[in-house]
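Asker: A single structure is presented below for examination.
Every read-out reported here was derived from the displayed coordinates using simple, explicitly stated rules and does not represent laboratory data. Note that the structure is a prediction, hence the values are computed from the model and not measured. We place every Cβ from the backbone using ideal geometry, glycine too, and count neighbours over all the protein chains shown.
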Amino acid sequence: MKTLNFAVLPGDGIGPEVMRVALEILESLGQKYGFSIDYKEADIGGIAIDNHGTAFPEITHKICQDSDAILFGSVGGPKWESLPPKEQPERAALLPIRKTFSLYANIRPGLLYSELSEASPLKNARIPNGIDLVCIRELTGGIYFGQPKSTFEKDGEAVAIDTMIYKASEIERIAQVAIDTAKARQLKVCSVDKANVLETSVLWRKVVTEYFAKNAPEIELSHMYVDNAAMQLARDPNQFDVLFTENMFGDILSDEMGVICGSLGMLASASLGATKNCLNLPFGLYEPSGGTAPDIAGKGTANPCAQVLSAAMMLRYSFGENTAAKALEDAVRLAVTSGKRTGDIAFGKEAISTKAMGTAILKAL
Ligand code: IPM
Ligand code: MN
């Protein structure tokens, strides 16, 4: 039997409770689809600061390195918010893990089942059929990592600088991910930039246009300025199918996409690496789009769907288990649309526990 070898980093807040559900489901899914799971757990984020003095300890790095994928919970919380920004879990764990493993391709599906349309601020009237799009965000370049990046003193006052920088090769490799994504969907990509102002965006637009023309002429490619894209997304999200953009624009637009999709508790994500794993598939990190939800952590009420759907993405991208991945996504949809709901998506229905939601998904499987 095939064994799936991955690292499990539950992190903080609701991370451990939703992770437990995802692991249980993977275990039982494997029995049906002919694989077993072999995972190693490690600390990341706030819990790692508490246990090891640093948010991304060496031992965690080693365990990830020896794995074929990383299933990630979430990091951060009030307990660590008084630390200097650079030492806080979000910056000291997430950004280094992305850079260390060259996780350049962030894939965030924006999926809202039509049965949950009322959960969206756009309400049923604007999105009677729900929402279905995907955001492809470049994750290891641009202003997040560009050098110089510092704060210094000049002419008697404080000055800070960040650098937005892109190489053509970085744009091309993420363009390929947008193409692959569009080929499995509606052959339609909207590339988002700020080419009326930024040099990096002028280059982005040129490289993307040429790369698509040469490698995927069958895909309908359009371009949009980021300010307009933010507006269009709030007005009519379904005009987009694949939304494709650089690091910081993708950060902002994917949060906007998250909110119009109702609950963050339903949104999964994948961050694919530049390197291949033992199966010659992309090494990747898979995490829910929502945060640690400190207000409900430990109560057993969090929505585990985003974690479960992230596990489905892991099966698909890093393990090539497409049938099992699809079955899992269908099971989550069936469980939710048949009325099983955690508090965040209950809307008058009975709110069930994290564990009960897991059971409902297993039953739907
Ligand atoms: C995200 C987060 C991170 C980002 C933060 C926590 C560093 O907002 O994954 O979108 O800005 O990329
Ligand atoms: Mn963000």
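Asker: Test of understanding: ordering M313, M224, M1, M266 by Cβ neighbours within 10 Å, fewest first, what list do you get?
Answerer: Result, fewest neighbours first: M1, M224, M313, M266.
Asker: Still on this structure, please answer the following. Can you work out the PRE-style zone for K326? Point 7 Å along Cα to Cβ, and I want the residues of segment 279-318 with backbone N under 17 Å.
Answerer: 312-318
Asker: May I ask you to order 272-281, 144-153, 289-298, 12-21 by the average number of other C-beta atoms within 10 Å around their residues, highest value first?
Answerer: Descending packing order for the listed peptides: 12-21, 289-298, 272-281, 144-153.
Asker: Another one. Fewest Cβ neighbours within 10 Å first, please rank L285, L198 accordingly.
Answerer: Listed from fewest to most nearby Cβ atoms, that is L198, L285.
Asker: Let's see if you can work this out: charge +1 on each Lys and Arg Cβ, -1 on each Asp and Glu Cβ, no other charges. What is the dipole magnitude of the chain about its Cα centre, in debye to the nearest 20?
Answerer: For this selection, approximately 820 debye.
Asker: Could you point to the residue in F212, V159, S191 farthest towards the positive end of segment 121-260's charge dipole, with +1 and -1 charges on the Cβ of Lys/Arg and Asp/Glu respectively?
Answerer: Of the options given, the answer is F212.
Asker: While we're looking at this one, here's another question. In debye to the nearest 20, how big a dipole does segment 121-260 give about its Cα centre with +1 on each Lys and Arg Cβ and -1 on each Asp and Glu Cβ?
Answerer: That gives a dipole near 420 debye.
Asker: Also: Could you tell me the distance between the Cα centroids of segment 211-267 and segment 76-96, to the nearest Å?
Answerer: Taking the Cα centre of segment 76-96 as reference, the centre of segment 211-267 is 28 Å away.
Asker: To continue, here is another question. Which value in nm describes the separation of the simple spin-label points at T209 and E27, placed 7 Å from the Cα toward the beta carbon?
Answerer: Using points 7 Å along Cα→Cβ, the separation is 5.5 nm.
Asker: In straight Cα distance, which aspartates and glutamates are under 16 Å from K167, not counting same-chain residues fewer than 8 positions off?
Answerer: Qualifying aspartates and glutamates at Cα under 16 Å: E138, D193, E199, E210, E246.
Asker: Would you work out the Kirkwood radius for segment 121-260? I mean one over the mean of 1/r across all pairs of different Cα atoms, in Å.
Answerer: It is 16.1 Å.
Asker: Moving on. Would you mind ranking L23, L203 so that the residue whose beta carbon has the fewest other beta carbons within 10 Å leads the list?
Answerer: L203, L23
Asker: Can you work out the Karplus-derived ³J(HN,Hα) for every residue in segment 194-204? Use 6.51 cos²θ - 1.76 cosθ + 1.60 with θ = phi - 60°, whole Hz, and x for glycine or proline.
Answerer: Here the 3J(HN,Hα) series is 9, 6, 7, 10, 9, 4, 4, 6, 4, 5, 3 Hz.
Asker: Please tell me which of these pairs span more than 21 angstrom C-alpha to C-alpha: K2/K183; K32/K363; K40/K363; K62/K276?
Answerer: Exceeds cut-off: K2/K183; K40/K363.
Asker: Which order do peptides 342-353, 65-76, 164-175 fall in by mean Cβ count within 10 Å, highest first?
Answerer: My ranking of the peptides, most packed first, is 65-76, 164-175, 342-353.
Asker: For the chain, modelled as a GNM with alpha-carbon contacts under 10 angstrom, which of E246, E115, E138 fluctuates the most?
Answerer: Its mean-square fluctuation being the largest, the pick is E115.
Asker: If you don't mind, there's one more thing I want to ask. How large is ³J(HN,Hα), in whole Hz, for each residue of segment 165-180 in order, when computed from phi with the Karplus curve 6.51 cos²θ - 1.76 cosθ + 1.60 and θ = phi - 60°, using x for Gly and Pro?
Answerer: 9, 9, 9, 4, 5, 5, 6, 5, 5, 7, 4, 5, 5, 5, 5, 4
Asker: Could you please state, rounded to a whole Å, how far the C-alpha centre of segment 1-65 is from the C-alpha centre of segment 122-177?
Answerer: Using only Cα atoms to place each centre, the spacing works out to 28 Å.
Asker: In addition: Seen from all sides and averaged, what is the projected area of the convex hull of the Cα atoms in the chain, in nm²?
Answerer: Its Cα hull, projected and averaged over all orientations, spans 18.9 nm².
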